[in-house]
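The values are calculated or read from the model by the stated rules, or taken from the named source; none is laboratory data. Given the structure is predicted, the values throughout are model-derived calculations rather than measurements. Cβ placement follows ideal geometry from the backbone for every residue including glycine, while neighbour counts extend to all protein chains displayed.
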Amino acid sequence: MEQQQITKNEIIHVALKDLYPSNNNVRGFMDESNIVDLMNSIAQVGLLTPLIVQELDDVEGGFVVVAGHRRLEALTRLHSDDWLVPVLVRNDFDDCAVTQVMYEVRNTLDRPVTGQAVPSYGPQRAGQYFKKLECFCFQQQTLGPHETRLMPVVFVIDPQLPEDLGTITLSYTFFEVAGTQKRPG
C-alpha cells in the first residue's frame, strides 16, 4: 500500500485487511442478532457512519479501530479483505484516553417505544471538553415492550479540561419521538 500523508480528522477509504480491532474495546460480547441486523442494513443501504480509526505506528498502512467494532465485524462477514471502508482518521488522541461506558436503557411500557436520547453534562460547561466518538444518542432507538438494553458511549476528554472540573457527570434523557406511537384501530 502506498503511504499517504493523512491529516487529522480526515475521511479516507481503507481496505478491510488494514483495519485492526482495538485491544481496549470494552465491548467483550457482540450480540449475534445485532450483528446480523447490522449486516442486513449495510447490505441494503451501505455503511452510513464511518469507523473511527487511529494510525498504527508499528504496521505500515494499518489502522486500529477506536469506535465501530460492531460495524467492523459486520463488514468483515460481508466483504473481502480488499473491500474499501470509509474511516475517519483521528490522530489527536495522544494526550487523552478513549473511554467506553455502557448505559442501561429500559422501556417500562407495554408497547414498543422509539425515542431519542439527549445528553446533559454536569457541570454544564464541561460539555465543551467531552467529545463523543460513538453514541446511542446519535440516532433514534426503538425498544420493545419491557426491553432493557445496554448502549455504549465512546468518548475522550479534551486534555485542556480545566483542573477545577475534576468530575464530569454525563446523563441522558430518553424522549419518545412524536408520530412513532401506533394509534388504536
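Points to keep in mind about this one:
- Looking across segment 137-161 at every residue that is at pLDDT 80 or above and not in a strand (DSSP E or B), the one that is nearest to LEU51 (Cα to Cα) is identified as PHE138.
- Only one entry in VAL118, VAL105 is surrounded by 14 or more Cβ atoms within 10 Å (Cβ to Cβ), of a type in the set (Val, Ile, Thr) and assigned by TED's automatic domain parsing to the domain that holds GLU147, namely VAL105.
- Residue match in segment 77-88 (condition: without any contact (Cβ under 8 Å) to a residue 60 or more places away in the chain, surrounded by fewer than 13 Cβ atoms within 10 Å (Cβ to Cβ) and in contact with a Lys or Arg (Cβ under 8 Å, 6 or more places away or on another chain)): no
- Scanning segment 21-60 for residues that are within 21 Å of LEU88 (Cα to Cα), within 15 Å of the chain's Cα centre (by Cα) and modelled with pLDDT of 75 or more turns up PRO21, SER22, LEU38, LEU47, THR49, PRO50, LEU51, ILE52, VAL53, GLN54.
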